[in-house]
Amino acid sequence: MRKTYFILPIVLICLINLFTINSYGQTVEQLRSEMVNKYRNQIPQEWSENATGVKNRIATNEKIIALTFDACGQGGFSDGYDKKLIDFLIRENIPATLFISGNWIDKNPTIFQELSKNSLFEIENHGTLHKPLSVNGKSAYGIKGTTNVTEVVNEILLNERKIQNVIGKKPKYFRSGTTFYDEVAVKIANDLGYEIINYNVLGDAGATFNKQQIINSAMNSTPGSIILYHMNRPESDIADGLIEVLPRLRNLGYRFVKLEEYHNQLAPRTILPSNYIYYNVVSGDSLWEISNKFGTTVQDVQKFNNLKTNSLYVNQLLILPITDPDRLTPPIEVSHSVVRGDSLWSISNRYKSSLSSIYRRNNLNEKSILQIGQRIIVPVEITHTVVSGDTLWHIGLRYGVSLQEIYDRNNLSQSSMIVVGQRIVIPSIKMHY
Ligand SMILES: [Zn+2]
């Protein structure tokens, strides 16, 4: 009798192991020696969050955002679970991608099981031991990285097997502890069937942002943004910030998606033009006409929008680089990147905007100090002089601005009368940067 108690678990473990090897094709051991043979003599040149091959956004003009949440398991505070945050996502039916480390799974096995059963969430790989991914022992934020090819493979595959044993499929995406890589480690991950996913919006800065900072950074999202948050820091302001800002983004027309839904559009970091506007394509537009109208070139519009052809669709949101402010057609908004020598006054002159509207739009005042590279939203407005037969409703229609915005900008209301010769400021259409 006693013997069966010992034998049964051993038989079960052997069966599980056999099954594991067969369903993965190659064993960890085989893959390890294959990768060591292929990469052991390659010396990396890069060490960064944007090493060659790292993806950090979805190339699209659709108003979608991928929320990603890391569970790090680095010990202490890092082993926690933000139940309030996850419950909010479930309640609001907001899909997300969860990057989970092997350490965190070991500390939260029951919660991991539960999360993996919820189809709202996609489970991805955040490393076995939550280390920066290096083939030669580089560190990031004081955390020592993997030291050779073997450790890189272990960092990816040991956690992969742990996850696969629970969810029944292999993760597709990998994000290292600290989001640092060298380009050789990225290639190894690619060979093991992974895309490396970082971010283009820093959602919580390692769970250090306060509520207002969390809201502000999320509001900087653009179509196709990948935002990095943490789901292992219940003591942080992350849940409170997201409970406020995610509905706001939804009201702006954004939809939240999982990474796997946009697998073929994952893309590396893009460089935005220094100064640009968002332009909404209308019926009859052509790339050539738009480029000409705003003083840019077809090639630049294609480059900054990842367009492979000349075809456009109605309501497509295009980024148009601005080189000649005199060719702008208001009412529009320009995103201006501050360069050396800029002041708000010089910026307002350059775009023929008003200082007060720049202050208002950017929450700035006369005491604000500009930083080089800072983005300033410049509303370029237009003044309409009322002619006989005009109504505010018709004026709004003509410029594509809502009646309420005209009321607000001009301190008018429904009961206001307008007279011929009166000057009405047409506010620029607010875009989401
Ligand atoms: Zn982490």
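The values are calculated or read from the model by the stated rules, or taken from the named source; none is laboratory data. It should be emphasised that the depicted structure is a prediction, and the values quoted were computed from it without experimental measurement. Because the Cβ atoms are built from the backbone with ideal geometry, glycine has one as well, and the counts that use them run over all protein chains shown. In case anyone asks, the SASA skips ligands and DNA or RNA and just uses the protein heavy atoms, side chains included. Shrake-Rupley method; radii C 1.70, N 1.55, O 1.52, S 1.80 Å.
Details
- Cross-chain or 6+ apart pairs with Cβ under 6 Å, the range 71-88 first and touching a residue at least 12 places away in the same chain (Cβ under 8 Å) and closer than 12 Å to ARG233 by Cβ, then within 12 Å of the ligand (Cβ to nearest atom) and part of a helix (DSSP H, G or I): ALA71/TRP104; CYS72/SER78; GLY73/ASP79; GLY73/ASN103; GLY73/TRP104
- ASP87 in a helix (DSSP H, G or I), at negative phi and more than 16 Å from the ligand (Cβ to nearest atom): yes
- Helices (runs of 4 or more DSSP H) contained in the range 324-433 and holding at least 3 residues more than 28 Å from GLY253 (Cα to Cα) and in contact (Cβ under 8 Å) with a residue 24 or more places away in the chain: 344-350
- Residue match in the range 232-255 (condition: open to solvent by less than 70 Å² (accessible area, probe 1.4 Å), within 16 Å of the ligand (Cβ to nearest atom) and without any contact (Cβ under 8 Å) to a residue 60 or more places away in the chain): no
Table: residues versus (1) within 21 Å of TYR39 (Cβ to Cβ); (2) outside the structural domain of TRP47 (by TED's automatic domain parsing); (3) in contact with a Phe, Trp or Tyr (Cβ under 8 Å, 6 or more places away or on another chain).
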position: LEU158; (1), (2), (3): yes, no, no
position: ILE163; (1), (2), (3): no, no, no
position: PHE174; (1), (2), (3): yes, no, yes
position: VAL186; (1), (2), (3): yes, no, no
position: ASN200; (1), (2), (3): no, no, no
position: HIS230; (1), (2), (3): no, no, yes
position: ARG233; (1), (2), (3): no, no, yes
position: ASP237; (1), (2), (3): no, no, yes
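- Of the residues making up the range 174-184, one or more are more than 16 Å from the ligand (Cβ to nearest atom) and buried (at least 22 other Cβ atoms within 10 Å of the Cβ).
- Condition met for ARG340 (open to solvent by 60 Å² or more (accessible area, probe 1.4 Å) and within 19 Å of TYR399 (Cβ to Cβ)): no
- Residue within the range 142-165 that is in a strand (DSSP E or B) and within 16 Å of the ligand (Cβ to nearest atom) present: yes
This table checks each residue for (1) among the charged types (D, E, K, R); (2) surrounded by 21 or more Cβ atoms within 10 Å (Cβ to Cβ); (3) within 30 Å of LYS308 (Cβ to Cβ).
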| position | (1), (2), (3) |
| --- | --- |
| ASN50 | no, no, yes |
| ALA71 | no, yes, no |
| ASP82 | yes, yes, no |
| ILE86 | no, yes, no |
| THR97 | no, yes, yes |
| SER101 | no, yes, no |
| PRO109 | no, no, no |
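- Residues within the range 189-208 that are closer than 7 Å to LEU228 by Cβ and in contact with a Pro (Cβ under 9 Å, 6 or more places away or on another chain), tallied: 0
- Residue pairs meeting the criteria (Cβ under 6 Å; at least 6 apart or on separate chains; first in the same structural domain as ASN159 (by TED's automatic domain parsing), in the range 99-116; second assigned to a strand (DSSP E or B) and among the charged types (D, E, K, R)): PHE99/ASP70; PHE99/GLU124
- Residue satisfying all of: in the range 308-323; in contact with a Leu (Cβ under 8 Å, 6 or more places away or on another chain) and outside any strand (DSSP E or B); most open to solvent (accessible area, probe 1.4 Å) among these: ASN310
- Total residues in the range 115-129, condition open to solvent by 10 Å² or more (accessible area, probe 1.4 Å) and within 12 Å of the ligand (Cβ to nearest atom): 1
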